[in-house]
Every structure is written in C-alpha cells, then in structure tokens.
Amino acid sequence: MDEDFGPVFVEVTDDEGNKFELEHAGTTEYNDNTYMAFFPADMDEDDEDFGLIILKVIEDNGEEVLADVDDPAELDAVYELFMDQLFSDEEEDD
C-alpha cells in the first residue's frame, strides 16, 4: 500500500456482520507473518486512547484476508513493534 498519496482506508466486517472503516497505519513482519495496524476511521484526532487495531494477514482459500490475533503474547510483541515504528516515524518528521 503506497501512502504517498494520502491515507489508505479499508472496510472490514466483524463476525456479527458489522462493517467498520479503518485507516491503515502500517504493516510489519514478525515471526514470518505479516501484520497490519489500523486506526478507526471515525476516531477523533484529539482522542488520547487511539485504539490501535492489529490484524494478521492469513491465507484463506488462496486469498489473503485479515484476521484477529488470538495469542496475547503475539499481540503484545507485534503491538510493541508498531509502537516503535509509529513513534520513530514521528521523531523523523520533527
């Protein structure tokens, strides 16, 4: 995803059929898996509890789909990677 031209938005549907629009915040690799981080598209920029959403890219019937990360240790490790990336990007912008 090339974000040089502005934010990238995706629409996801949860297990209950609810649709949400998310803004792509970044992609990273961890233990040979790909993870994508998102912010809710309707989030207020002043909201300190920004609710980073991390989803794992998996293959389902030959198609790449986004899935929840069920393992808390895996989720924590990937979250830390994203935090390092997001805050290092902010420091580079200063």
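Around the amide H of Thr34, modelled in the peptide plane, lie the amide H atoms of Val57, all under 5 Å away and 5 or more residues distant in sequence or on another chain. Our coupling estimate for the stretch 52-59, obtained by passing each phi through the Karplus curve with A = 6.51, B = -1.76, C = 1.60 and θ = phi - 60°, is 4, 10, 10, 10, 9, 8, 10, 9 Hz, Gly and Pro reported as x.
Between Ala41 and Glu21, Leu22, Glu23, the built amide H atoms are under 5 Å apart, and every one of these is 5 or more places off in sequence or on another chain. Under 5 Å between amide hydrogens, built in the peptide plane, is the criterion, and for Gly26 it picks out Ala37 among residues at least 5 positions away or on other chains.
FYI, it's all coordinate maths here, none of it is from the lab. None of the values given here were measured: they were computed from a predicted structure.
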